[in-house]
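Notes to accompany the following structure.
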Amino acid sequence: MASGRTYIWKRGISVSESIELEIFRYCPEKDAEPLFKSYQVPFREDWVVLDAINYIKDELDGTLSYRWSCRMGVCGSCGMMVNGEPKLTCSAFLRDYSSGKIRVEPLQGFPVLRDLVFQMDDFINKLTEVKPYILRNENGEKQVEEGEYLQSPAQLAKYKQYTLCINCMLCYSACPIYALDSEFVGPAAIALAQRYNMDSRDQGRKQRQEVIAGHEGIWQCTFVGECSVVCPKNVDPAAAIQRAKVSSTMDFFKGIITLGSKE
Amino acid sequence: MKTYQIPVSNTWWLKKKSYFFFVIREMTSLFVAGYCLFLLVFISKAAESQQAYTELLVSLKSPVSILLHLIFLAFILYHAITWFNLTPKIMVLHIGEEKIPDGLIAVSIYIGWLAVSLIILWIIFGG
Ligand code: SF4
Ligand code: FES
């Protein structure tokens, strides 16, 4: 398997240049509790943590389970705790960890299935809960003959940042509220709802409010702000949540002002 | 399917600097609320009688009171500054396609703060 790759990492490595990776291991069939296992991995300037983990899998211990795909910060599947910080391991260079030892754990806050693989069902459910697609009012849908919905660059700029999310879940992992109460809708899902709410073509904000402004929505957030710090795509979910709070508060006051006229 | 949930310890907020400073920021609200209560007492004393008011003024000049005031000032400043710095995240304004830079929004809030403070100082000492 992967002899080409093996060649690459064997080329020009002297034994002294190595780094220790301490990896979280959990086998549901065998272990009641997880444990840490250490591996010596060649140290290379241009290697990221994911390269080192691939090396372990290919050369040292084939039983290690983890997720990855694109190797270029796009697919969002390689998120892990690296020395206690949520990181995309394909973007975390070994050279940036000077201590000579790197501890790798599954993203914090999610149930662990095996080794570095965690269950993401809860996150996927939350994404679908916020109806992340363009919604139109009843009778608001244009007929095909009427042409497309137009949008100006200025209208696009209002929500573009929120479209950049790669669903890596680092933000959930950084959020102490989510760690303490996993019912919380959470940063990426709220940012995604906000992405559609702020889209000039969308009319579905009311429908999303039930989840967004509900018990486990935006008001659970205490603005710790760490979700935005760890986000590899500068989505700034913390800002999305605070802005959703402002809009919901406005709704509340508008409701009070217009109450008389409605009745 | 069997899973393992990594437990969250009660000291989670001591494990990361940013969590710690967040908890401090939340805690400073108590100082803000506390000082509001004090101001209410202050007003009620002033309304009560000239004597009650003068007595309060004398007690405010004690070293303990001055020390307490300094402690409150520190926490309330921390509260104000951290929230002012976060405001650009909440107030996102666009001119056309361009987002108004965070720094500009923060600076304008600080200028507003300064202006209000100067007006208050002027009312107390100048008016
Ligand atoms: S908001 Fe950022 S950190 Fe959260 S899932 Fe999306 S890309 Fe990842
Ligand atoms: S492997 Fe795709 S984001 Fe890291």
Q: Write out, first by first residue and then by second, each pair whose Cβ atoms fall under 6 Å of each other, whose residues are 6+ apart or on separate chains, and whose first residue, in segment B:82-93, is touching a residue at least 12 places away in the same chain (Cβ under 8 Å) while the second is open to solvent by 50 Å² or more (accessible area, probe 1.4 Å).
A: B:PRO88/B:ASP102
Q.
Looking only at segment A:59-96, filter to residues that are modelled with pLDDT of 95 or more and among the basic types (Lys, Arg); which one of those is farthest from ligand 1 (Cβ to nearest atom)?
A. A:ARG71
Q. Is segment A:65-73 home to any residue that is surrounded by 20 or more Cβ atoms within 10 Å (Cβ to Cβ) and in contact with a Leu (Cβ under 9 Å, 6 or more places away or on another chain)?
A. yes
Q: Select, from A:ASN125, A:ASN139, the only residue that is part of a loop (DSSP other than H, G, I, E, B) and either modelled with pLDDT of 95 or more or surrounded by fewer than 17 Cβ atoms within 10 Å (Cβ to Cβ) (or both).
A: A:ASN139
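Kindly indicate which of B:THR28, B:THR82 is assigned to a helix (DSSP H, G or I), within 30 Å of A:TYR159 (Cα to Cα) and either at pLDDT below 95 or among the hydroxyl-bearing types (Ser, Thr, Tyr) (or both).
Matching residue, one of B:THR28, B:THR82: B:THR82.
In segment B:47-59, which residue that is out of contact with any Phe, Trp or Tyr (no Cβ under 9 Å at 6 or more places or on another chain) and hydrophobic (A, V, I, L, M, F, W, C) is nearest to B:GLY34 (Cα to Cα)? Spell out how you get there, then give the answer.
The first filter runs over segment B:47-59 and keeps only residues out of contact with any Phe, Trp or Tyr (no Cβ under 9 Å at 6 or more places or on another chain), leaving B:48-52, B:54-55, B:57-59.
Then drop every residue that is not hydrophobic (A, V, I, L, M, F, W, C), which leaves B:52, B:57-58.
Working: B:ALA52: 21, B:LEU57: 18, B:VAL58: 20 Å.
Per the stated criteria, the residue is B:LEU57.
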Q: Would you please name the residue that is nearest to ligand 2 (Cβ to nearest atom), looking only at residues in segment A:72-100 that are in a strand (DSSP E or B) and under 23 Å from A:CYS27 (Cβ atoms)?
A: A:GLY79
Q | Any helices (runs of 4 or more DSSP H) falling wholly within segment A:162-263 and containing at least 2 residues that are open to solvent by 60 Å² or more (accessible area, probe 1.4 Å) and within 20 Å of A:GLU129 (Cβ to Cβ) | A | A:205-212
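The values are calculated or read from the model by the stated rules, or taken from the named source; none is laboratory data. Keep in mind the model is a prediction, meaning the values are calculated, not measured. Note that we place each Cβ from the backbone using ideal geometry, even for glycine, and neighbour counts take in every protein chain shown. When the accessible area is computed, the model is the full protein with side chains, heavy atoms only, and any ligands, DNA or RNA have been set aside. Shrake-Rupley method; radii C 1.70, N 1.55, O 1.52, S 1.80 Å.
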